[in-house]
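Chemist: Below: one structure in structure tokens.
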Amino acid sequence: MASKSRWADTAEDAALEAKLKHEKEEKKRIKAEKARKAEQERLEAEATKRQALQDQQQQQQDDRPPAKRRKVTPEPENENSIKLLRFEGGTWSKSRSVENYDKLNDIEEGAYGWVARAKEIKTGKVVALKRLKIDPTDTAGLPETGLREIQILKDCSHRNVVELREVVVGDDTSRIENVFLVLEFLEHDLMSVLSDMPEPFLASEVKTLLLQLASGVEYLHDRWILHRDLKTSNLLLNNRGQLKIADFGMARYVGDPPPAKLTQLVVTLWYRAPELLLGTKTYDSAVDMWSVGCIFGELLAREPLLQGKNEVDELAKIFELCGIPTDESWPGFRRLPNARHLRLPKTGTNTGPIIRARFPMLTTAGCALLSSLLSLDPDRRPTAKEMLQHGFFRQDPKPKHEAMFPTFPSKAGQERRRRRSTPNAPGRGQKAADLGNVDFSGIFASREKEERGAGFSLRMV
Ligand code: ADP
């Protein structure tokens, strides 16, 4: 076997060395490429995470008082709300125990809510205890409606808004059902009073109630709070003729202009404004004023004004009472998401509002106020401030003095109430109805035969 020359060895070695070097370099390049890719992926993941966090913050922002909302609330109240979000030191367990109260009787017990009359042991003061609701659709387990209710009630202090005294907890503070609002106790809610009273309210009494309602709503709207669930069962009445707005579970702060995307699924169906039913994404305090109009009608008629069976039926009932929308009565309504495909009857003598005919005993001023509150076009509804200035309240019969208001036997004071048959505010996970291609052309067919305004009367003072 021929021995290898040193040259040959060297040449071979050199080739091998070159090959190894090349391989090593290639390995290094692949490794660097891998590292670069990994770094890129890491950066992308970080960016996605940042975006998600920003989205989440935006979402929270949407659901909270905007940082730059006009400062109409005095500073100390804002301080309160910040403290409140931390729940007095960060945990429920820093709150007082519910054991400081003795339950007297249940007031309302339903699928989600529970309200009871109770007595503070130390002082003997009677209060209402309201259990914080669990939000069944919230996977994070946050009782958002309850938290909002606490935050907003803490910020409010007005004679026509129910007072939140404190938040108390049961033994197991990890369970949200063990958190209770301690509210001032009022003997009635307006819905129970209306359904039990043998005779309707006098015109002077209707005025007193409406003035108080408008006053409370003005206070909320001045502070950029939309209630979003005004209805007679959420208006409390005490035996001194005082009305107070309650149930802030659907309420929220809004800015100016209001957030671009607000949930349409607010307000109990019978009190829900037409723009919400037609799927508007932005809305304002006018949605509460529509509900105030519905409450006005209910105080007169002693039954809810627009008892739709579903969203389509609710719209049909609204159009029947308030007339079908036209480009004059509601400019731009066709642009609302659910309005594009509506088939409406041709406008004519028979398709206008019939509020006057439905309430024949109401004065012209009263009818003008009710009609303006029930304007299809939200921009034509009066604000609460404007409502308070309306001539209707200066006309005879004058608003009755609160101290002269009639008293009623209090069901809340003694016995458990029967469950209501009114619908509730929509749940969080619920979907808005799709009203595409709904045909409303037949809703006026029976109008000719209808006995207008039958069944309604107002006692005169
Ligand atoms: P929910 O959010 O479960 O509907 P609400 O706050 O509307 O709870 O209360 C339900 C009912 O409980 C009201 O319609 C009213 O009859 C009664 N209620 C609520 N708060 C009080 C209170 N402070 N005093 C007396 N009764 C109350």
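Readers should treat all values here as calculations from the given coordinates under stated rules, not as data from a laboratory. It should be emphasised that the depicted structure is a prediction, and the values quoted were computed from it without experimental measurement. Positions of Cβ are generated from backbone atoms using ideal geometry, with glycine treated the same way; all protein chains shown enter the neighbour counts.
Chemist: What is the distance, in nm, between label points placed 7 Å from the Cα along the Cα-to-Cβ direction at THR282 and at HIS158?
Modeler: Between THR282 and HIS158, the simple spin-label model gives 2.4 nm.
Chemist: Sticking with this one: Rank by packing, highest mean first: peptides 288-300, 23-35, with packing defined as the count of other Cβ atoms within 10 Å averaged across residues. Please list the in-between numbers first.
Modeler: Numbers: 288-300: 24.3, 23-35: 10.0.
Ranked from most to least packed, the peptides come out as 288-300, 23-35.
Chemist: Show me 208-215, 319-326 ranked by packing, highest mean number of other Cβ atoms within 10 Å first. Let's see the in-between values first.
Modeler: Details: 208-215: 22.4, 319-326: 20.4.
Ranking the peptides 208-215, 319-326 by packing returns 208-215, 319-326.
Chemist: Can you tell me the length gained on complete extension of the stretch LYS21 to ASP196, counting 0.36 nm per residue apart and subtracting the Cα distance? Walk me through the intermediate numbers first.
Modeler: Working: separation 175, 0.36 × 175 = 63.00 nm, distance 9.72 nm.
The span from LYS21 to ASP196 would gain 53.3 nm if fully extended.
Chemist: Just list whichever of LYS261/LYS385; LYS244/LYS398; LYS385/LYS411; LYS103/LYS411; LYS309/LYS385; LYS207/LYS231 have alpha carbons separated by over 23 Å in the model shown.
Modeler: Working: LYS261/LYS385 26 Å; LYS244/LYS398 21 Å; LYS385/LYS411 33 Å; LYS103/LYS411 16 Å; LYS309/LYS385 33 Å; LYS207/LYS231 17 Å.
Flagged as over cut-off: LYS261/LYS385; LYS385/LYS411; LYS309/LYS385.
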